[in-house]
Amino acid sequence: SKDQKSIHHSNQRCKRDGLRAVKNVTHDGCVVPDAGEMEVAVAESLIKYKPSVKGRVQLGVQALADVLLIIPKVLAQNSGFDLQETLVKVQAE
């Protein structure tokens, strides 16, 4: 049917795009940095900033830092890496 053909073509495009991405990375020898780097950096800055505020504001600063770290944790988990180990490595860089 028309829907099955559309799904088949979408699957083919996804496979092609994925293979091209792998080819480009291996051919160029580089990847685009990110993968939560910005979120980790901002979270670290917030943690350093937290002692300079008082009361409930500290809780808000900590909450925002915690939320920002969800992104790199999910990326690590979806990539098959250990969450805590990956986060520690990224924070050490």
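Quick notes
- Answer residue from the range 32-41, given it is touching a residue at least 12 places away in the same chain (Cβ under 8 Å) and open to solvent by 60 Å² or more (accessible area, probe 1.4 Å) and is nearest to ALA92 (Cα to Cα) among those: GLU37
- Per-region count, the range 58-93, residues open to solvent by less than 80 Å² (accessible area, probe 1.4 Å) and of a type in the set (Val, Ile, Thr): 5
The values are calculated or read from the model by the stated rules, or taken from the named source; none is laboratory data. Worth saying up front: this structure is predicted, and the values here are computed from it rather than measured. For neighbour counting, all protein chains shown are included, and Cβ atoms are generated from backbone atoms with ideal geometry for every residue, glycine included. The protein model used for the area step is the full one, side chains on, heavy atoms only, and it has no ligands, DNA or RNA in it. Shrake-Rupley method; radii C 1.70, N 1.55, O 1.52, S 1.80 Å.
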